[in-house]
Amino acid sequence: MTEEPLEEPLAGRLDERLEVQRTIAADPATIFAVLRDPKGHVAIDSSGMLMSSTGEPVQAADDTFVVHMDRNALNDYPDLGRYDVTVTITKFEPDREIAWTIVGQIKPQMGHVYGYTLEPVDGGTLVTSYYDWSEIDPLYRGAGIFPVISEGALRATLGILARNVAPGPVTPSA
């Protein structure tokens, strides 16, 4: 049986979205509590850009909080330095999915989306972290700035999330 090639719109979209998965030994509610909390975003960030946050845990789509950033951690735009962004929740399904976009000072807004889906499985929760820039403003297409965060950074963030919600026993090295 031969596979049909992907239709062009879907094929293009796959080039504009990263997804990584990891089973984490914690229930969805425990994981979701971290993901809806501004402090949780800072605690699990692997990029080093998120310095601190202001705001309360979100409860619904359209809720917001502020993240204080330092772009020097990526060393890609040294002049950008420290700045604030507003995280605006775009999807909120308790213990199942949360996604957000970033509202910053630049105009037009970029339009990239970060998110997580959670699925209960034997041994914990299958967590999918995604980063989607398929709907970015046309001004930023071809600018060579996407993806801002790598697949490796998404994977590392899942590792940090796992360490924070399901720490295992510490075994001394031999």
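The values are calculated or read from the model by the stated rules, or taken from the named source; none is laboratory data. Only a predicted model underlies this, so the values are computations on that prediction, with no experimental measurement involved. Neighbour counts are summed over all protein chains in view; Cβ atoms, including those assigned to glycine, are modelled from backbone coordinates with ideal geometry.
Candidates V103, V85, V148: the one that is more than 29 Å from A25 (Cβ to Cβ), among the hydrophobic types (A, V, I, L, M, F, W, C) and in contact with a Gly (Cβ under 7 Å, 6 or more places away or on another chain) is V85.
To keep it simple, each residue is scored yes or no on (1) of a type outside the set (A, V, I, L, M, F, W, C); (2) modelled with pLDDT of 95 or more; (3) buried (at least 17 other Cβ atoms within 10 Å of the Cβ).
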| residue | (1), (2), (3) |
| --- | --- |
| E4 | yes, no, no |
| L14 | no, no, no |
| L18 | no, yes, yes |
| V34 | no, yes, yes |
| D37 | yes, yes, yes |
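What do you reckon, is F146 assigned to a loop (DSSP other than H, G, I, E, B) and of a type in the set (A, V, I, L, M, F, W, C)?
Details: assigned to a loop (DSSP other than H, G, I, E, B): yes; of a type in the set (A, V, I, L, M, F, W, C): yes.
Yes, satisfied.
Report yes if I149 is under 17 Å from the mean Cα position of the chain (by Cα), surrounded by 13 or more Cβ atoms within 10 Å (Cβ to Cβ) and farther than 15 Å from V20 by Cβ, otherwise no. Outline the logic, then answer.
Values: under 17 Å from the mean Cα position of the chain (by Cα): yes; surrounded by 13 or more Cβ atoms within 10 Å (Cβ to Cβ): yes; farther than 15 Å from V20 by Cβ: no.
Criteria not met by I149.
Table: residues versus (1) touching a helix residue (DSSP H, G or I) at 6+ places or on another chain (Cβ under 8 Å); (2) in a strand (DSSP E or B); (3) over 19 Å from Y130 (Cβ atoms).
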{"residue": "F32", "(1), (2), (3)": "no, no, no"}
{"residue": "H41", "(1), (2), (3)": "yes, no, no"}
{"residue": "A61", "(1), (2), (3)": "no, no, no"}
{"residue": "H68", "(1), (2), (3)": "no, yes, yes"}
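A quick yes/no check of all residues on (1) under 19 Å from E16 (Cα atoms); (2) modelled with pLDDT of 95 or more; (3) out of contact with any His (no Cβ under 6 Å at 6 or more places or on another chain):
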{"site": "M49", "(1), (2), (3)": "no, no, yes"}
{"site": "N72", "(1), (2), (3)": "no, no, yes"}
{"site": "P78", "(1), (2), (3)": "no, no, yes"}
{"site": "R96", "(1), (2), (3)": "no, yes, yes"}
{"site": "A99", "(1), (2), (3)": "yes, yes, yes"}
{"site": "V103", "(1), (2), (3)": "no, no, yes"}
{"site": "Y116", "(1), (2), (3)": "yes, yes, yes"}
{"site": "G124", "(1), (2), (3)": "no, yes, yes"}
{"site": "A143", "(1), (2), (3)": "yes, no, yes"}
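Pairing each residue of the range 42-57 that is surrounded by fewer than 15 Cβ atoms within 10 Å (Cβ to Cβ) with any residue that is small (G, A, S), provided the two are 6+ apart or on different chains, yields C-beta distances under 7 Å for G48/A73.
Got a sec? Which of D62, D132 is buried (at least 16 other Cβ atoms within 10 Å of the Cβ), at pLDDT 95 or above and not aromatic (F, W, Y)? It would help to see each step written out before you state the result.
On the way: D62 fails: buried (at least 16 other Cβ atoms within 10 Å of the Cβ).
Just one listed residue meets the conditions, D132.
Restricting the search to the range 107-128, which residues are surrounded by 14 or more Cβ atoms within 10 Å (Cβ to Cβ) and under 22 Å from F146 (Cβ atoms)? Q109, M110, G111, H112, V113, Y114, G115, Y116, T117, T128, listed by residue number.
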